[in-house]
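A short reminder: the numbers here are calculations on the coordinates, not readings from a lab. Values in this document were obtained by computation on a predicted structure and should not be read as measured data. Cβ sites come from the backbone with ideal geometry, for glycine too, and all protein chains shown count toward neighbours.
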Amino acid sequence: MQMAERALEKRATGIPGLDAATGGGLPVAGAVLVSGGSGCGKTVLALQILARALERGDGAVFVSFEESAEQVRRDAASFQWGPALLASGRWTLIDGRPPVNADVAGTFDLEGLIAGMGASLERIDGSWLVLDGIDHLLELLPDEVTRANQIRRLHEWCEERGTTLLLTGKTDRPGGGESMHVAGIEYILPTILCLSAELAAHRLNRRFRVAKYRGSGHVTDELPLVMTAEGIQLPYSEMPAEMPVAASRERVSTGVARLDEVLGGGLYRGATTLISGAPGTAKTTLAASMAAAAAGRGERVLYLSFDELGDRIVRNMESVGISLAPLRDAGHLFVESHEAWSALAEEHHVQILQRIDAVAPDWLIIDPVSALLKIAEPADAHSSTEHLLAIARSRGVTTILTSLLETGSDRLEATLSNVSTLADNWISLSYRVLCGERNRALSVVKSRGSAHSNQVRELLLSSDGVDLADVYEYGSEVLMGTARVQKENEEAAARRRVQTEREQRRRDLERDLEQARMRMKQAESETQRLAEELELEQRAAAEFDREAHTQREGVRRQRGRAPRDDGDQGGRK
Amino acid sequence: MNAMESCAGIVRGRLILFHTGNAPRSRRARDNLAQALERLGLKSDVRDEVDLIVQPEQGVQYGVFATPALVRLVEGDPAAVLYGDLSDAPSLERFLTDAGSGEPYPGPRQSAPD
C-alpha cells in the first residue's frame, strides 16, 4: 500500500489556528471528542466549524443535548459568522435535550440517534455532525462499558459513512468535581481536543490542546484560545499564510542622522529593532522620531501605544520638535492607544494582528511591548512575540519594539532576553551619572548584518528633535552633559588656537615667500642689467678692437709706403 | 370516559414505543410492555409504535435518540420518557401508573432554519 493511501484524510475546520495545530483539520470520517469544562467554548467551536463548513458548501446537522435550539441560535448570532450560519439552509439544528423527568428501565442504545442523524444528514447532504453536550445523553447510560460501546458504535458509523462527528462534552459537574461520563470515552476515540478555562487575576483564560490525534502530526502544546466577535482563534499557532518577502538590502533612516551612521547607514527595511531602557530614557521619543521620519517619507506607520494615550504622544513629541499631527492627518501615521490591563495578552495579540491587516503598515511600533509581555505567562509571551515578529517579517514590516527595563523583575528580564534574541537590532538606552549629572546614553548592543559602532553615546533631546552627541572619551568613560560641553569647549578652543597658529604661520610663510620672490625679481633684474652691461661692454670692446686693428692696419700700410732710409723697421727713431 | 384522562384500568395519555425494528432490545421492550399492561390489568386506548429504522425522522421530531424508549404524551403535561428495554418491571409499572407532572410537553422539537 502506498503511503499516500494510508495518510489520514482531513477536513479543514476553517479556523486557521486549529487547522495549523491539527496539521490540516479533522478526520473526514469518525468522531472527534471536544471536551472541557463549562464556558470554555466547546459549543462555539463546534458552531464556528459548521459556519465555516457551510461557507465552503458543506452541509451539517447540529444536535444540542444541553441548550435549547433558541439558545444555540443566540449563541451563534453573537458572532460575526452567526447571521450567515443562521440564514443557511444547509444545516439542521435539533433540540435533543432529554426530558427532565426521563427515567430508565433496562438497557438501551443509540441506534435511534444513528437512524435519525442518518436521515437528517442525507436530507441536506451533510458531511458534519455535531452532538453538543453528549454528556447529557451519556449520563442516561448505566455504566462506562455501555457508554464506551455506544460511542464506539457512533464513531464506526461515522467512519463508514464518511461523516466528521464532533462530540462535545463537559468534563466537570455543575456542582463541582469531575464528570466521568466524558472521561470514560476518551480512550475510545482517536482524536480528542481539550478546552479549558480558568480564572487568573480575575480574568478568564481559555486554553486549547490537541490531547490525541492518532495518525496525524499535531501541535502538542497547550495554546491560548481567544474568543472575540470573530469567534474562536488560536492566535499563536497560526503561521503566516503568505510567502515571506526577501531580505531587503535597503537601508531606511531612523530620522537621526548620527544614529544612522552608528548603525552603518540606518536600519534594514523589514528588520526588527528592540529599544530597551529604564523609565524616562526617551524610548518613546526615539521611536516617535523613527515614526516621524518614516511617515515623512510617505510610508505607512502603525504606532500602538500601551502606556500612553495617542493624543498625548502627539502633543508631547511637539516639545522635542517631532511633529506627528500633520503626518497623522495626512494618513501616513496611525497612533493608537490600548490599555494593557484591559485584555489578555493573547487578546491584544489578536487585536494587533487585526490592525496590521487593516492598516497594512510599512512600520509597526509597539510601545512598550513590555506592557504586553508583563501580563502574559513567560511561554505565552515568547510565543506571542515570536509569532508577531514572524508575521511582520513575512510582510516586510519594519518593526520597532520598545521595552521598559525594570529592576528586580527576573521574569520580565528573561522575557526581554528572548525578545532581544529575536530582534535584529537592539538599541539600549540608559542613564549615565557623571559629575553630578544624569544624562541619557545610547548604545547599539547588536545590529545584525551591519558594521556598527559599539561606543556609548549621549542621546540629546532638544526642540530640534533627537540627536546623538559626538563621543568624548575621558579615560574609560565617555563624557556626557556639562562635562561633555566643557570638553567640547576646550577642544573647540584648542582647535581655534591651532587654527590661529596655522593662519599666522601661513601668513609668515607667504610673506617670506613674497620677499623671496621680490629678491629673486631684483636679482633677475640685476642679472639682466649686468648681462646687458656685459654685452654692451663686450660690444664696445669689440668695436674698440676693430677700430684699433683698423688703425694699426692703416698705420702699417702707411708705413709700408714710406721709403726706408736706413733699412731700419718703422716706428723707431 | 376520555382515554386521555387517568382512571382505573386505562393508561393515562398516549403511549408511543420508539424502537429499532427487530433488534433484541426492541423485541424485549415490546414484550415487556405487553406483559406489564396485562399484569397490571391496564389498557391503552392510544398506543403506537415507531420503528426509527423505518421512520428515522420521527425520532428527531419527538426528540427521542435513545432506544428503546417509551413515551407518554398527555396534553398539558410534560412528555414522560422511559428509556430501555423495559426489563425493570417496577420502573415500568411506576411509569404506566404515574399521573405525571412537570413542564408541558414540548411537542416535536426539530428546529431547522429552513
Query raised in the report: Over the range A:45-155, what is the relative contact order in whole percent, taking alpha-carbon pairs under 8 Å and six or more residues apart?
Result: 38 percent
Query raised in the report: Residues of B:73-84, mean number of Cβ from any other protein chain within 10 Å of their own Cβ, rounded to a whole number?
Result: 4
Report task. Pull out the extension gain between residue A:228 and residue A:311, defined as 0.36 nm times the separation in residues minus the alpha carbon to alpha carbon distance; nm, one decimal. Result -> 27.2 nm
Requested in this report: Excluding residue B:26 itself, calculate the net charge of residues whose Cβ lies under 11 Å from the Cβ of residue B:26, where each Lys or Arg counts +1 and each Asp or Glu counts -1.
Outcome: -2
Report task. Starting from the Cα-Cα distance between residue A:204 and residue A:68, subtract it from 0.36 nm times their residue separation and give me the gain in nm to one decimal. Result -> 46.5 nm
**Report entry** Order of A:435, A:194, A:158, A:40 - criterion: other Cβ atoms within 10 Å of each residue's Cβ, fewest first
**Finding:** A:435, A:194, A:158, A:40
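Less than 12 Å Cβ to Cβ from residue A:431, Lys/Arg counted +1 and Asp/Glu -1: what total charge do the surrounding residues give? Intermediate results must be reported in sequence, preceding the final value.
Numbers: positive: A:432, A:438, A:440; negative: A:437, A:458.
Net charge in that neighbourhood comes out at +1.
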Report task. Per DSSP H run of at least 4 residues, take -39500 (n - 2.57); add these up for chain A, divide by its residues and hand me the 222 nm value, nearest 500 deg cm²/dmol. Result -> -14000 deg cm²/dmol
Query raised in the report: What are the residues whose amide H is under 5 Å from the amide H of residue A:31, where those residues sit 5 or more places off or on another chain and H is modelled from the backbone?
Result: A:165
Requested in this report: Report Rg (one decimal) and Dmax (nearest whole number) for the protein assembly as shown, counting Cα atoms only, units Å.
Outcome: 49.5, 219
Requested in this report: May I ask you to derive the FRET efficiency for residue A:559 and residue A:514 from their Cβ-Cβ distance with R0 = 56 Å, giving the value to the nearest 0.05?
Outcome: 0.30
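Please arrange A:352, A:134, A:188 by counting, for each residue, the other beta carbons lying within 10 Å of its beta carbon, fewest first.
On the way: A:352 23, A:134 31, A:188 17.
If I rank by nearby Cβ atoms, fewest first, I get A:188, A:352, A:134.
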Query raised in the report: Can you run phi through the Karplus equation (6.51, -1.76, 1.60; θ = phi - 60°) for the range A:360-375 and list ³J(HN,Hα) in whole Hz, with x for Gly and Pro?
Result: 6, x, 7, 10, 10, 10, 10, 10, x, 5, 5, 5, 6, 5, 5, 8
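Using a Förster distance of 25 Å, how high is the FRET efficiency between residue A:422 and residue A:358, based on the Cβ-Cβ distance and rounded to 0.05? Present the calculation step by step, with values, prior to reporting the outcome.
On the way: r = 24 Å, r/R0 = 0.97.
E(calc), rounded to 0.05, equals 0.55.
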Requested in this report: Quick one: check the C-alpha center-to-center distance for the range A:61-132 versus the range A:480-529, whole angstrom.
Outcome: 100 Å
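Of all DSSP beta bridges located in the protein assembly as shown, what percent are antiparallel, nearest 5?
In the protein assembly as shown, DSSP labels about 45 percent of beta bridges as antiparallel.
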Query raised in the report: What nm value, rounded to one decimal, do you get for the distance between residue B:39 and residue A:527 when each label is placed 7 Å out toward the C-beta?
Result: 15.3 nm
Requested in this report: Can you list which of the trypsin sites (Lys or Arg not before Pro) found in the range A:425-473 are DSSP loop residues with at most 14 other C-beta atoms within 10 Å?
Outcome: A:448
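DSSP loop (so not H, G, I, E, B), at most 12 other Cβ within 10 Å: list which GluC sites (Glu not before Pro) in the range A:202-241 pass both filters.
Numbers: sites: A:222, A:230, A:238; in loops: A:222, A:230, A:238.
Loop-located and lightly packed - none at all.
Count charges around residue A:359 for me, please; just the other residues with Cβ under 12 Å from its Cβ, Lys/Arg as +1, Asp/Glu as -1.
On the way: positive: A:300, A:355, A:395; negative: A:299, A:336, A:357, A:362.
In short, -1.
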**Report entry** Label-point separation, residue B:75 to residue A:464 (7 Å along Cα→Cβ), nm
**Finding:** 9.7 nm
